[in-house]
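K.L.:
Here you go, one structure.
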Amino acid sequence: MAADDLIELELMLNRFYRLLGEIMRGGTTRNTFQPWEIEILLDFESCTLEPRRRTEILRQYRHAVKRQMETGPGPPMKFSEFLQARATRRPVTE
């Protein structure tokens, strides 16, 4: 991978961390977003999270995106994609 590509991936990952931090705090304060950030925000709004597990699941999502960005190109996976992968990995127990 070229040096410019690595720098671009690092910048994208840092933007993702910033966006996720804003989501975890309950809202964004900026008004300029990359197209992939808007997609993640819209996707996140369409997903429901159990309030008591919200922070834990968002941390898992951050870790999954970090692994994704270390091994391949961006943009970061959508939250719904993460939830789907998570659901297929673990059987639901009732």
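The values are calculated or read from the model by the stated rules, or taken from the named source; none is laboratory data. The structure presented is a predicted model; accordingly, all values stated were derived computationally and were not measured. When we count neighbours, we look across all protein chains shown, and the Cβ atoms used for this are built from the backbone with ideal geometry, even at glycine.
K.L.:
Among the residues of the stretch 9-53, write down those that are surrounded by 11 or more Cβ atoms within 10 Å (Cβ to Cβ), modelled with pLDDT under 90 and either over 22 Å from HIS63 (Cβ atoms) or touching a Pro at 6+ places or on another chain (Cβ under 9 Å) (or both).
P.N.:
LEU9
K.L.:
Taking the stretch 73-85 as the region of interest, how many residues are touching a Leu at 6+ places or on another chain (Cβ under 9 Å) and of a type in the set (Gly, Ala, Ser)?
P.N.:
Matching residues across the stretch 73-85 total 1.
K.L.:
Within the stretch 54-63, which residues are under 17 Å from ARG18 (Cβ atoms) and surrounded by 12 or more Cβ atoms within 10 Å (Cβ to Cβ)?
P.N.:
LEU58, ARG59, TYR61, ARG62
K.L.:
Ok, one more. Just name the residue that is modelled with the highest pLDDT out of those in the stretch 54-94 that are assigned to a loop (DSSP other than H, G, I, E, B) and among the aliphatic types (A, V, I, L, M).
P.N.:
MET77
K.L.:
If TYR17 satisfies every condition in (1) part of a helix (DSSP H, G or I); (2) touching a Leu at 6+ places or on another chain (Cβ under 8 Å); (3) among the aromatic types (Phe, Trp, Tyr) but one, which is the exception?
P.N.:
Status for TYR17: all satisfied but (2).
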